[in-house]
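These notes are about the structure you will find just below.
Just so you know, all these numbers are worked out from the coordinates, no wet-lab data involved. No experiment lies behind these values; they were computed from the predicted model shown. Quick reminder, even Gly has a Cβ in these numbers, built from the backbone with ideal geometry, and neighbours come from all protein chains shown.
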Amino acid sequence: MLKRYKTILKEDGWKGLIKKEGWKIGVLLFLFFLVKGLLWLLLGYGIFKAASN
């Protein structure tokens, strides 16, 4: 299911995703990618802090 949404997002962008699937899916995917990105940043920051000590 997530693969389908990612495909629509790649092909049609955010507007196409919202038109085809609705606002709820658009907001959920946006939050998913936001949290995923923040977790990677926190992981990198933690590794940097551990290496600097």
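For region 14-53, the set of residues classified as surrounded by 10 or more Cβ atoms within 10 Å (Cβ to Cβ) and of a type in the set (Ser, Thr, Tyr) consists of Tyr45 only. Restricting the first member to region 26-53 and to residues that are free of Cβ contacts under 8 Å to residues at least 40 places away in the same chain, and the second to residues that are in a helix (DSSP H, G or I), the beta-carbon pairs closer than 6 Å and six or more apart or on different chains are Gly26/Leu17; Gly26/Ile18; Leu29/Tyr5.
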